Each structure stands twice: as C-alpha cells, then as structure tokens.
Amino acid sequence: MIDPASAIDGDFDVLVRDGEIAAVERAGTRTNLPNATVVDVSGYWIVPGLIDPHVHLRDPGFPQKETIQTGLHAAAAGGFTTVAAMANTSPVNDSRGTTAYMIEREKEVHSARLVPVSAVTYGLRGIELVDFEAMIEAGSRLFSDDGIPIDDAMVLSRALDEAKRLGYAVALHEEDCALSCNGALNAGEVSKRLGVSGYSDSAESQRVRRDLAIAIGSGAAVHVCHVSTAESLDLIRAARRHGAQVTCEVTPHHFTLDESAAMIWGTNAKMNPPLRSHGDVENLLAAIRDGTIDMIASDHAPHDPDSKRMPQLGAYFAPGHPVPQLDHESAKEFAHAANGVVGLETSLGLALQLVHRSMIEPTRLIEMMSVNPAALLRMEAGTLAVGAIADVTVIDPNLEWTVAPEKFLSKSRNTPFAGMRLKGRAVLTIVAGEIVYDARKA
Ligand SMILES: [Zn+2]
C-alpha cells in the first residue's frame, strides 16, 4: 500500500466498509473477517484512486468522438477513479444546466467520477466572466477556458480575483496566438522537413510570463496546463520564488515523445501545445524529478479519423515508412487536422516508465497522479486514511502489455503509442467501495 498522505509505503491490508476505508492494518493482522469479500492483491500496489485533472469527454456535443459513458469507462480502465472534464463541449460548460447534465450522465454511468470544469468566460470567448458562484454551486470545481487562451489581461485578472474570493483555481491554456500562428508542429527541423507550419516555444512561455505576473499580483491559485517547454518551467520556478500560488501539469506524451514522433505518426502526434525538442523533453523529466511539476494529466483528446484528416494523410505515415515530404495541399490538411491524442488508457503505463527507469519513486508518482490533482480540484480525496471515501486503484507494476488502440474503451483511437510495450497497469479500479473496472474480467 502506498499512501503518501499517511506516510505509508509497505505491506498492509485495507478494509473497506460502506464505501469508506474502515481499517488499515499490517498485512495478515486480521485473518477472520465474517461477511467480508477478500480480494487477494498481494504483489500489487494499493494506492489512492488516480485522478486526471485534464480530460476532454466531448459530451455534450461530439458523440462520434466520445461520450461521458465511454470516456468514464476508459478512465476506469486506465486506473482513474476521477477525471476533470474540460468545458469545451457544445454547448460550452458555462451554465448550471450543462454542469448538471454532466453530473446526471456521470451518475447513470456508474463508473469513474466526473468533476466538471467550468469555463472562465461565456462561450470560451474571453470576454465576459461566467457566474463563478453559480457554477460552483452546480458542481464545477475548477475554472478553465482550456483549448483557448484568455487574451485580455484584464479579463484574466478579474477571473483570478473571483476564483480567489471563492477558493478555487484557474487552469490556464498558455498560448500567444500571435506567436503560435496556428502552427501545426513545434517550430524546428521536423516542421521544416515535413513542410508544415511551426509553433514556437515562445508562444507558450511568453504567455506563461504574462499570466504568472498577473497571478503574483492577485495572489490567486493558478494552474498551468500541459507545460511543454524548458523556459516555461524556469518561469514557474521564478514565480514561486516571488510568492505565486502556481501548480502545473505535464502530459505523458510531452515527457515521452519529442517532435520527431510526427514523422512516424503524422497527425496522431499533433497536439496543442506541440511535442517539443529533445532538449525540452529532458527538461520536463528533470522538472518531474525535482518537484517543479506537480501532476500528470492526460489531456485526453479523442477525435474521429475524419477530424484527424486520416483519409487524406493516413497513408503517408506509419512506423517503418520513409519520412514523407508533404506537398502544399497535404501540408495544409495537416495544419487543419484536429489537435490532441487519447490518453486515459495509456497515461499510467507511460508514467510508470518513470519509476521503472528509476527517475522517481512510486510515492512521487502517486503524489502526481492522485494527491496533487485532488488538491487542485478541492476534493477530499487522494488518501487511503481511515474514514476516507474508498476510491482505490490497484496497480500491477510489472505486468507487461502492448498498447492496442482497437481494444480501447474510449471511442477514439488517435494515439502515437500504438504497439508500444509498457510495463505496469491498473488491475482494479474501485469507486466508493465498488469495483468499476476489473482487468481480470476484461
Ligand atoms: Zn486540453
């Protein structure tokens, strides 16, 4: 059992009763438990339920990509007991009604929990603030216009004041569109070689610089989404020294792959922000090790093949193919392909590689995938202390498996990890004491 919040890392038995953790005792202490179901998980890790602070479930609005039902089943299969669903649905989650819809669907599905993320501004238009208080009352627990940056500094400043007053955080998609210029891939050798438009790293870091200056002034809690560049990390470190209340997340694809993945996987390696240089990846890994990065988020972004322009571009890319030179028309298609990759069912496996490569201890992994996301979402979760709600993930850290997109419970298959051999995955996902995913039966 690994429970960083209780400073526990050792062999323990966990007793769950009425949806709560009823007892935690040295393994083998209690042998006779009348009326108890015993699940033998010896050799595995029992950890507080994993929490993904950043996913897109496309519901309401885009059922061909994902629904709350398929998204939450995918989450449970990936070991997540809770996911925070971003607001860029259709309609946008900027009203009580949409938040209520999401929570109702979640209850029907009976799988992982869904935490609605409220938009910061109506329609994600960056102009008029939503009614923060009403959104919290309806059940939203984080504010973000993710996918679209908030360009007007005054709007952001007022949003931070409102979030601070109510005790919640604002999650920021950091992009200066005047610098990113709709770039399809990191501006560099790979974008040049493929002939597609480039997205400079300064497009992210310049906006991080501005927003953290505003955050220091306001004293509000801000969260930098999917940090991807070395310079952004330096700015976050500096802002903390100046008293900023800033947390940040990294995605598994940004710390596992660099820009060269686009030469093999095409638009399945296209996302916003883009995969960066090898040097940036090294810096992200160092920031995971030194604690600069607080949490891992999948940024699960399901898309159907048409949105990814697979009919037009799919034939150009595959492992083993020579690097394609895209003609002008194809390069344009590439730039128009939707951004993002699915991640719920590969996130834990990729994160565990950090442990297997001796970069971090298991405890730190659980902090990044449960304890810290719980704090961001203002949830009483991320612990297996007696009395806590029994959201539990059981992980077999040594199970070897191959990423097979056709087996995903997600509706979408857009991943650059197909065929990758990984070590470690969730075998049981338990929400409020109920098993919602059991790999032994899958
Ligand atoms: Zn996102």
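Could you say which residue among 295, 271 is within 16 Å of the ligand (Cβ to nearest atom) and in contact with a Cys (Cβ under 9 Å, 6 or more places away or on another chain)? Result of the check over 295, 271: 295. What number of residues in segment 257-284 are of a type in the set (Val, Ile, Thr) and touching a Pro at 6+ places or on another chain (Cβ under 9 Å)? The number of residues fulfilling the criteria is 1.
If we keep just the residues of segment 89-122 that are among the polar types (S, T, N, Q) and farther than 18 Å from residue 370 by Cβ, which is farthest from the ligand (Cβ to nearest atom)? It would help to see each step written out before you state the result.
Quick first cut of segment 89-122, residues among the polar types (S, T, N, Q) only: 89-90, 93, 95, 98-99, 111, 118, 121.
Now drop any that are not farther than 18 Å from residue 370 by Cβ, which leaves 89-90, 93, 95, 98-99, 118, 121.
Numbers: 89: 12, 90: 15, 93: 13, 95: 20, 98: 17, 99: 18, 118: 14, 121: 16 Å.
Restricting to residues being among the polar types (S, T, N, Q) and farther than 18 Å from residue 370 by Cβ, the top hit is 95.
For segment 118-134, residues that are closer than 29 Å to residue 432 by Cβ and either touching a His at 6+ places or on another chain (Cβ under 8 Å) or surrounded by fewer than 17 Cβ atoms within 10 Å (Cβ to Cβ) (or both) total 2. Working only within segment 62-88, note down all residues that are surrounded by fewer than 24 Cβ atoms within 10 Å (Cβ to Cβ) and within 15 Å of the ligand (Cβ to nearest atom). The answer is 62, 88.
Taken together, the criteria exclude residue 221 from residues that are of a type in the set (Gly, Ala, Ser), buried (at least 20 other Cβ atoms within 10 Å of the Cβ), over 25 Å from residue 120 (Cα atoms) and in contact with a Gly (Cβ under 9 Å, 6 or more places away or on another chain). Annotation note: Cβ proximity below 7 Å between a residue of segment 42-58 that is within 10 Å of residue 371 (Cα to Cα) and a residue that is among the hydroxyl-bearing types (Ser, Thr, Tyr) and within 16 Å of the ligand (Cβ to nearest atom) (sequence gap 6+ or interchain) occurs for no pair.
Being charged (D, E, K, R) and closer than 26 Å to residue 290 by Cβ is the filter; apply it to segment 343-377 and report the residue that is surrounded by the most Cβ atoms within 10 Å (Cβ to Cβ). That would be 367. Flag: residue 283 does not match the condition of being within 16 Å of the ligand (Cβ to nearest atom) and open to solvent by 10 Å² or more (accessible area, probe 1.4 Å).
When residue 31 is tested against (1) away from the ligand (no atom under 16 Å from the Cβ); (2) closer than 24 Å to residue 121 by Cα, just one condition goes unmet, and that condition is (2). For segment 286-306, the set of residues classified as assigned to a helix (DSSP H, G or I), open to solvent by 20 Å² or more (accessible area, probe 1.4 Å) and touching a residue at least 60 places away in the same chain (Cβ under 8 Å) consists of 289 only.
Elements of the type helices (runs of 4 or more DSSP H) sitting completely within segment 169-254 and holding at least 2 residues that are basic (Lys, Arg): these cover 189-194, 202-218, 230-241.
Counting only residues that are without any contact (Cβ under 8 Å) to a residue 40 or more places away in the chain and surrounded by fewer than 20 Cβ atoms within 10 Å (Cβ to Cβ), which one in segment 135-151 is farthest from residue 224 (Cα to Cα)? So, considering only residues that are without any contact (Cβ under 8 Å) to a residue 40 or more places away in the chain and surrounded by fewer than 20 Cβ atoms within 10 Å (Cβ to Cβ), the one farthest from residue 224 (Cα to Cα) is 136.
Looking at segment 335-442, the helices (runs of 4 or more DSSP H) lying wholly inside it that each contain 2 or more residues that are farther than 29 Å from residue 88 by Cβ sit at 347-356, 362-366. Considering only segment 130-137, I want to know if a residue exists there that is within 23 Å of the chain's Cα centre (by Cα), within 16 Å of the ligand (Cβ to nearest atom) and aliphatic (A, V, I, L, M). No: zero hits.
Which is on the phi < 0 side of the Ramachandran plot, among the charged types (D, E, K, R) and free of Cβ contacts under 8 Å to residues at least 40 places away in the same chain, of 423, 407?
From the options 423, 407, the qualifying one is 407.
Being touching a residue at least 12 places away in the same chain (Cβ under 8 Å) and in contact with a Cys (Cβ under 9 Å, 6 or more places away or on another chain) is the requirement here; does residue 236 meet it? Yes.
The values are calculated or read from the model by the stated rules, or taken from the named source; none is laboratory data. These numbers were taken from a predicted model, which means no experiment stands behind them. Backbone-built Cβ (ideal geometry, glycine too); neighbour counts: all protein chains shown. Surface areas here come from the heavy atoms of the whole protein model, side chains and all, with no ligands, DNA or RNA. Shrake-Rupley method; radii C 1.70, N 1.55, O 1.52, S 1.80 Å.
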